[in-house]
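Computed from the coordinates by the stated procedures, all read-outs in this text should not be read as laboratory data. Computed from a prediction, not measured in an experiment: that's the story for all the values here. All Cβ positions, even for glycine, are placed from backbone atoms using ideal geometry, and neighbour counts span all protein chains on display.
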Protein chains: 6
Amino acid sequence: MPRPDARAHDQLRPVTITRNWQKYAEGSALVQFGDTSVLCSASVQQGVPRWRKGSGLGWVTAEYSMLPRATLTRNDRESVKGKIGGRTHEISRLIGRSLRAAIDLAALGENSISLDCDVLQADGGTRTAAITGAYVALADAVSWLDAKGALARPKPLINSISAVSVGVIDGEPRLDLMYEEDVRAETDMNVVVTGTGEFVEVQGTAEGVPFRRDELDALLDLAVAGCAQLTTLQRDALGA
Amino acid sequence: MPRPDARAHDQLRPVTITRNWQKYAEGSALVQFGDTSVLCSASVQQGVPRWRKGSGLGWVTAEYSMLPRATLTRNDRESVKGKIGGRTHEISRLIGRSLRAAIDLAALGENSISLDCDVLQADGGTRTAAITGAYVALADAVSWLDAKGALARPKPLINSISAVSVGVIDGEPRLDLMYEEDVRAETDMNVVVTGTGEFVEVQGTAEGVPFRRDELDALLDLAVAGCAQLTTLQRDALGA
Amino acid sequence: MPRPDARAHDQLRPVTITRNWQKYAEGSALVQFGDTSVLCSASVQQGVPRWRKGSGLGWVTAEYSMLPRATLTRNDRESVKGKIGGRTHEISRLIGRSLRAAIDLAALGENSISLDCDVLQADGGTRTAAITGAYVALADAVSWLDAKGALARPKPLINSISAVSVGVIDGEPRLDLMYEEDVRAETDMNVVVTGTGEFVEVQGTAEGVPFRRDELDALLDLAVAGCAQLTTLQRDALGA
Amino acid sequence: MPRPDARAHDQLRPVTITRNWQKYAEGSALVQFGDTSVLCSASVQQGVPRWRKGSGLGWVTAEYSMLPRATLTRNDRESVKGKIGGRTHEISRLIGRSLRAAIDLAALGENSISLDCDVLQADGGTRTAAITGAYVALADAVSWLDAKGALARPKPLINSISAVSVGVIDGEPRLDLMYEEDVRAETDMNVVVTGTGEFVEVQGTAEGVPFRRDELDALLDLAVAGCAQLTTLQRDALGA
Amino acid sequence: MPRPDARAHDQLRPVTITRNWQKYAEGSALVQFGDTSVLCSASVQQGVPRWRKGSGLGWVTAEYSMLPRATLTRNDRESVKGKIGGRTHEISRLIGRSLRAAIDLAALGENSISLDCDVLQADGGTRTAAITGAYVALADAVSWLDAKGALARPKPLINSISAVSVGVIDGEPRLDLMYEEDVRAETDMNVVVTGTGEFVEVQGTAEGVPFRRDELDALLDLAVAGCAQLTTLQRDALGA
Amino acid sequence: MPRPDARAHDQLRPVTITRNWQKYAEGSALVQFGDTSVLCSASVQQGVPRWRKGSGLGWVTAEYSMLPRATLTRNDRESVKGKIGGRTHEISRLIGRSLRAAIDLAALGENSISLDCDVLQADGGTRTAAITGAYVALADAVSWLDAKGALARPKPLINSISAVSVGVIDGEPRLDLMYEEDVRAETDMNVVVTGTGEFVEVQGTAEGVPFRRDELDALLDLAVAGCAQLTTLQRDALGA
């Protein structure tokens, strides 16, 4: 069975990262994995939340959201429903944790960076695209702080971070699932990896049938290889 | 005093309308007035809300929202705050009322169209840009219904609708205020006009000093002329 | 077609303003426009909201609400629904903006005045009645502050403010619509005017058919004349 | 120690009940106990809540609320806070339970009556005033249903209901506490009594010092005598 | 008619109080009245709420809740519904008021004690069981503060507090109703009593038929006798 | 460095599963991993949510919550805060997904089972204890349905499910972390495994330093061995 877009099983969709997409944010990137499109902004605020004051440590947090018609059928806004759904909470927490692994919070000093990841269009892999784009926005926000002389110590960015989804479809491990594949996957895994190939998050879920250790291993191999390519694209976008 | 971007007092900012910006929506447009950028989607749903069932009439509704970092400094998400603010409510209602004036709800039949207007970047005039863009998305959604044979009667679009902000700055009436002008305006007015130059909404507010009848008249003249240009741009975008 | 209560098209309903209707409020008025009855209270609080501290400026804010059975059929309470509706938000904001035009906030000094407008009975024109009554309550609250020596400068009241609704019914412009007219109006306009006849707010809405410039002009004429009468009634109520 | 308004310990404040205070409600009464003033409306709705359908039984429910400036200092609106406080819930439930004791729900048939009790001014005893006034509104709503031929059986009103507060101040049992007494009471009791002198609710609370059986007995005696007078006033108001 | 569990009309169910059921709380007790089982925790926090700071007085507050499947059929969680129901509010307030009668808040000093009463299983009388158990948890929390030397004055516990439900079933007054009796009771009363037999709260409700003074008296007699037994069990649990 | 309770690195804490802890639930279990104690209830409801009606498939859902004083210091209730936190949402979803892997929803037929997991005391590993206990409650609820003849097909339980946490502390992989270890872990992983040793969920998080593939492998080995022991304990509890 070929993939819906005829990719090889270990091939990413076309990925583009457009840096500085927004005018006001201290860092921003529009990231696209095929038809998935996520706008990532990094907003710097002086100071940290009250419970962290005086610690000398900075803070990085993230919020994920989807436009109502990012998807095949329209979803009601969470602002209108008056509460945030479990999926949104879960993904926002994942993005925040992942990006905190990129940064030495002591070097950041008592500054806060908010990462907003808004999905403009969703065709699978929105959370991993968000992480990949948010890293670029974060890097620019850190540079902005550096240029202001507002860091506690130089070089707070200690890891580059990228992420990709992998899954098993019809028994075949595949890299970077699009929506049509995602809904049919037997196993679905999101993997967050550093630029040097170590793991920050591994979240694997059996959607129908429990998975074996060898399947898990094959998926991790695919993800690590995919993230290596994403790391290069991030570096290019940042002109580094 | 020249305007911040050196425009004439009766000149619009560069306006672009990118039709079909989204993949899944039945109609969509990215509308830009200078640095103001609003993504407008029209989503069709078969049927109408319960209180309208059996009336034979369709329904058009709108929701307006802003990305957290569309603005100079970051705003908290209304979904996180758990409630929608008064300004958002007010603008959503204005957009909905304005676009309902575009359409013969009996001809639409028992179909619902949701207009989502998400501000990606805000530099003044977001609500009027949203109305102008939402008309294009609405027109495409109506065509989509027509192509499906789902309309109750042909040609439900009875008016084209566009909108613009006008205001008095330093005693001078000006067309299409950008943010820097908006915060300094003595009087601020949003005007929604049909393609044939009649009024759908007139909302004028004295920000500091009450305004005279002659000032009101001058602002209305500017707005009507500006909307005539927007009507042409909408027609071009729709390829009509 | 005569009006339901046989008034002339440019005639107000019987209007009464009962000052000091409440015992504890620093200013209060029960205002009646025919069967529409709104209780307006002004509550003084020392100090201003946090974001305004140290500015030397005062603050005036308003909240509008309706008793569940003010209307023909019962409406659920917003406190029970757990959120405030768009209409309530919109009207509260209108009242607040309108009354802030009455007052020099620097002269008020760092004092806050809350205007509560609770509709006890609704027969059309509740928001404009609320503005008209709230001005009387506000004036008394300012006098109360003056008597306490708590103003930053004398005479913070710089404009008197009144408001009225106007509309086009069966092609005829009419002053001060009652509910039965309001629901049939082709165009509906709320106009807030100073005691010297200048505009504070003009909010016109095409309910069915877009309106022409000459209709707009006729409605504004009616509104200005009506507000002149209301200004006299306010002055009488205040014994000035 | 004389009472603040020089009443005898077993004397009610001046009580007035103004029937049909509102225009649209099927029953309404403005009830005043001295400076305490509560507007009570009874709204009839055909049918009963879903969980009660098909039972043949009607439903009576109540909601209590206070205007923000009914009190000495302004209270925030529960609609603005987005939730109903414990005190409001507790009183609404008490009013509902008390008035359901007035009525044979089988004779009422599958009709719902909502009792809204809005405190316009509060000087102690608002919940008991609300119960006393709500009975009058309820009686009129029942008559309205009777006149429509909408009752399941004649005479659903089986008890008249009134209520009063009593308390111990400086060791002395007193009837109908005003606010100044209420805050100083050692024991505070709200008693709901039928027209024939039986108990519907007895809610006694030791505010500071636990109370003895003989104090409880003295308070109940006062309450029963006070309610007998209220029953007469209700009968007069209803012209029965 | 014998009682469902064949008890005498003036007999308590088997009552057990297991002290220190939880590991972290400063005081805790699992209290069981037959199949009713409530876990009561007392949590000490240094300091008092803002509105009480500098008063020298402590604060005691309570929250009551039920596990979803404490009952015959599952109830939705209030956290999921997003608001607390009236019944929960009412009972939480009753427990807080009752336990504040146990303590001299000046002797407690500026310390706060939160009493959490979570119903693990419900077979009638949960609020009175909660009060009875919360007293034991409170006493231990006070001892904990004493051992820390954190009290303002010695011996802040001035009353022991217990509570029981009583009711009239088939005309017979009964002590300590189980659920099956509770739903059939004509009159239902919750009585909170000190260790010396004085009243803290008396809450009697006619569920169907209003009740007479002699019925009220019989119920109070039963409750006082039942609470005397509970006082002994509390003393035993506390090893005092 | 020995573990705080001197266990071997691959040793579980003492685990007990008390079946049928509650009276009313169709299945229930109190599960304890050392001082962690979770009450798991399974509630059966006939029918499925609206969006699933007519599908022939059943539904299994889960809610996780913690008593306020399950922890070292008291946490505010989510019902009082009016919203569910991200952590609660995330864990509830994990439990639900994990237990749905236990069951053939077509064989279950159009029945719903709600799994409530309430943490009575928390000393690390609450989510994995909850999954382990919920399986026992679920199995009993399925038996209850079977006894009623309400299953669509026999034997809907297709996998037994257990879960355990593992982590790296001071470079050493450890099984079943207690709270004191959990806060110090460099890597933290929750693993859900079937009775036959396949994976249902793998969630690994780098708390400070990213982790290597060999560390991941060692943690998975520990988890699979731990779950094998838990499977035996579940089987014993179920008397199977």
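Note the direction-averaged projected area, equal to a quarter of the hull surface, for the Cα convex hull of the range D:108-193, in nm². Before the final figure, lay out the partial values.
Details: hull surface 25.7 nm².
Taking the Cα atoms of the range D:108-193, their convex hull projects to 6.4 nm² on average.
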Hull volume per residue for chain E, using the convex hull of the C-alpha atoms, in Å³ is 133
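As a footprinting exposure proxy, order F:212, E:127 by other Cβ within 10 Å, with the fewest listed first. Kindly include the intermediate steps, with their values, before the conclusion.
Values: F:212 14, E:127 23.
With the sparsest Cβ surroundings first, the list reads F:212, E:127.
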Scalar couplings 3J(HN,Hα) for the range D:118-135 by Karplus 6.51 cos²θ - 1.76 cosθ + 1.60 (θ = phi - 60°), nearest whole Hz, x for Gly and Pro, are 10, 7, 8, 8, 10, 9, x, x, 5, 6, 6, 4, 4, 4, 5, x, 5, 4
FRET efficiency for residue E:184 and residue D:209 from the Cβ-Cβ distance with R0 = 22 Å, rounded to 0.05, comes out at 0.05
For chain D, the longest principal axis of the Cα atoms and the Cα long axis of helix D:213-237 enclose an angle in degrees, to the nearest 10, of 50
Summarise the partner chain shielding of D:194-200 as one whole number: the mean count of Cβ atoms from other chains within 10 Å of each residue's Cβ.
5
Average partner chain C-beta neighbours within 10 Å, per residue of B:20-29?
4
How far is residue F:72 from the same spot in each other copy, in nm, shortest first, if each label point sits 7 Å from Cα toward Cβ?
4.4, 4.4, 4.4, 4.7, 6.4
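Once R0 is set to 56 Å, what does the formula 1/(1 + (r/R0)^6) return for the Cβ-Cβ distance between residue A:236 and residue F:158, expressed as a FRET efficiency to the nearest 0.05?
Details: r = 48 Å, r/R0 = 0.86.
The computed FRET efficiency comes out at 0.70.
Take the cross-link list D:83/F:83; E:23/F:23; A:81/D:83; D:81/F:81; E:23/E:81 and give me the ones stretching past 21 Å between alpha-carbons.
Numbers: D:83/F:83 12 Å; E:23/F:23 25 Å; A:81/D:83 16 Å; D:81/F:81 12 Å; E:23/E:81 30 Å.
Among D:83/F:83; E:23/F:23; A:81/D:83; D:81/F:81; E:23/E:81, the Cα-Cα distance tops 21 Å for E:23/F:23; E:23/E:81.
Do the sum for chain D: with -39,500 (n - 2.57) for every DSSP H run of n ≥ 4, divided by all residues, what is the mean residue ellipticity at 222 nm, to the nearest 500 deg cm²/dmol?
On the way: 6 runs with 74 residues, N = 240.
Value at 222 nm, helices only: -9500 deg cm²/dmol.
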Suppose you put the label 7 Å out from Cα in the Cβ direction; list, shortest first and in nm with one decimal, how far residue F:49 is from each other copy's label.
2.3, 2.3, 2.8, 3.5, 3.7
For residue B:155, give me every one of the lysines with a C-alpha distance below 23 angstrom, ignoring sequence neighbours fewer than eight places off in its own chain.
B:53
The ³J(HN,Hα) series, computed from each phi in the range B:5-21 with the Karplus coefficients 6.51, -1.76 and 1.60 at θ = phi - 60°, rounded to the nearest Hz and given as x for glycine or proline, is 10, 6, 6, 5, 5, 10, 10, 6, 5, x, 10, 10, 10, 9, 6, 6, 6
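Taking R0 as 30 Å, what FRET efficiency do you get between residue E:172 and residue E:87 from their Cβ-Cβ distance, rounded to the nearest 0.05? Walk me through the intermediate numbers first.
Details: r = 26 Å, r/R0 = 0.88.
Given R0 = 30 Å and the Cβ-Cβ separation, E is 0.70.
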Expressed in whole Å with the largest first, what are the equivalent ellipsoid semi-axes of the range C:53-157 derived from the C-alpha gyration tensor as the square root of 5 times each eigenvalue?
30, 14, 11
Principal-axis tilt of helix D:86-100 within chain D, Cα atoms, nearest 10 degrees:
60
Assuming a ≥ b ≥ c are the square roots of the Cα gyration tensor eigenvalues, decide whether the protein assembly as shown counts as rounded (a/c under 1.5), prolate (otherwise, with a/b larger than b/c) or oblate.
oblate
Pairwise centroid distance, computed over Cα atoms, of the range E:199-215 with the range E:134-173, Å:
24
Find the Cα radius of gyration of the range B:1-107, compare it with 2.2 N^0.38 Å by division, and give the number to two decimals.
1.35
For the range B:51-60, just list the computed ³J(HN,Hα) in residue order, Karplus coefficients 6.51, -1.76 and 1.60, θ = phi - 60°, integers in Hz, with x standing in for Gly and Pro.
5, 10, 4, x, 7, x, 9, x, 8, 10
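Counting only C-alpha contacts under 8 Å and six or more residues apart, can you give the relative contact order of chain E as a whole percent?
22
Please compute the average number of Cβ atoms from other chains found within 10 Å of each residue's Cβ in peptide D:69-75. Numbers along the way, then the final one.
On the way: counts 17, 7, 3, 2, 3, 10, 1.
Counting other chains' Cβ atoms within 10 Å and averaging over D:69-75 gives 6.
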Run through the other copies and list how far each one's label point is from that of residue E:8, in nm with one decimal, shortest first; the point sits 7 Å from Cα along Cα-Cβ.
4.6, 6.0, 8.9, 9.0, 10.4
